[in-house]
Amino acid sequence: QNAVKNLRQNAVKNLRQNAVKNLRQNAVKSLRQNAVKSLRQNAVKSLRQNAVKSLRQNAVKSLRQNAVKSLRQNAVKS
């Protein structure tokens, strides 16, 4: 009876330890995946914002330069 009792207790103990281990591993894996996903999303968002900002600034600069050039040419003509 003691042998059966010990086997049962060991089985329960092993199952509990494995369950805790699996839960911990899954939690760590999930947290890591979420962190990586979040970092990637933030990086993409930042790169996109920077690209848009840069394109807008370049467009404004180019338009301004063209306007100044055009105004100067018109002034010389007249």
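In this structure, Asn74 does not qualify as surrounded by 10 or more Cβ atoms within 10 Å (Cβ to Cβ), in a helix (DSSP H, G or I) and not aliphatic (A, V, I, L, M).
Is it the case that some residue within the range 52-66 is hydroxyl-bearing (Ser, Thr, Tyr) and loosely packed, with under 10 Cβ neighbours inside 10 Å? Within the range 52-66 (the criterion being hydroxyl-bearing (Ser, Thr, Tyr) and loosely packed, with under 10 Cβ neighbours inside 10 Å), the answer is no, since none of the residues qualifies.
All of the numbers you see were taken from the coordinates with simple rules; none came from a lab. If you're wondering where the values come from, they're calculated on a predicted model, not measured in any experiment. Neighbour counts run over all protein chains shown; Cβ positions are idealised from the backbone, glycine included.
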